[in-house]
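We did not get these values from a lab; they are worked out from the coordinates using the rules stated. All values derive from a computational prediction rather than experimental measurement. Cβ placement follows ideal geometry from the backbone for every residue including glycine, while neighbour counts extend to all protein chains displayed.
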């Protein structure tokens, strides 16, 4: 996921950040995927649920202690999980302080069947470290050793950014999960 997200970030960064608009912001809608699976095994001691996907693959997921209704999930139940992500890129104004934040939130559902939402949002300031117009490519560096380089499809976009430009990159991911009892 991180690699895929980084590719989206790099591709968007050079296309959306003209040098004349220091506070320009762009939202890049990411993926929205829904998966259904059938519960095969619930192991309360390990707080795990093994499911069979619609394609027949077996997957085991683990529930944190925040999941309070795990005991209600039974073999044969249908689990529906919807994953969503998006990215916001904003060119920083000169002198604006760097950011490096991470927020995680889990919210249990309030319906009859077990459900809930888990979301995470991270924002970092990254600096354009190198631009190679002959490839064309760009590389960024950020906090905690974060670094990424990628080819760029739009050569003209590279002319609008420079080595040393700083951008804030915000990733938001959320998973919505619901469980429907097995049909009798």
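Dividing the mean sequence gap of close Cα pairs (under 8 Å, 6+ apart) by how many residues the range 18-163 holds gives a relative contact order of 20 percent.
How long is the gain from residue 52 to residue 154 if the chain were fully straight, where each residue apart is worth 0.36 nm and the alpha carbon distance is subtracted?
Details: separation 102, 0.36 × 102 = 36.72 nm, distance 4.20 nm.
Length difference between fully extended and current span is 32.5 nm.
Considering only alpha-carbon pairs that sit under 8 angstrom and 6 or more positions apart, the relative contact order computed for the range 29-73 is 29 percent. Only Cα pairs under 8 Å and 6+ residues apart enter the sum, and on that basis the relative contact order of the range 49-129 stands at 22 percent. Given a Förster distance of 45 Å, report the FRET efficiency between residue 162 and residue 33 from their Cβ-Cβ distance, rounded to the nearest 0.05. After rounding to 0.05, the efficiency reads 0.80. Normalise the Cα radius of gyration of the range 139-184 by 2.2 N^0.38 Å (N = residues in it) and let me know the number. My calculation over the Cα atoms of the range 139-184 gives 2.12. Subtracting the Cα-Cα distance of residue 66 and residue 96 from their residue separation scaled by 0.36 nm leaves 7.1 nm.
From the square roots a ≥ b ≥ c of the eigenvalues of the alpha-carbon gyration tensor of the range 55-184, which class results: rounded (a/c under 1.5), prolate (a/b over b/c), or oblate? Prolate shape, in that a/c is at least 1.5 and a/b is the bigger ratio.
Label separation (residue 133 vs residue 74): 6.8 nm, computed from points 7 Å beyond Cα along the C-beta direction. Would you mind pulling out the separation of the Cα centroids of the range 40-112 and the range 168-184, in Å? Measuring centre to centre over Cα atoms gives 6 Å.
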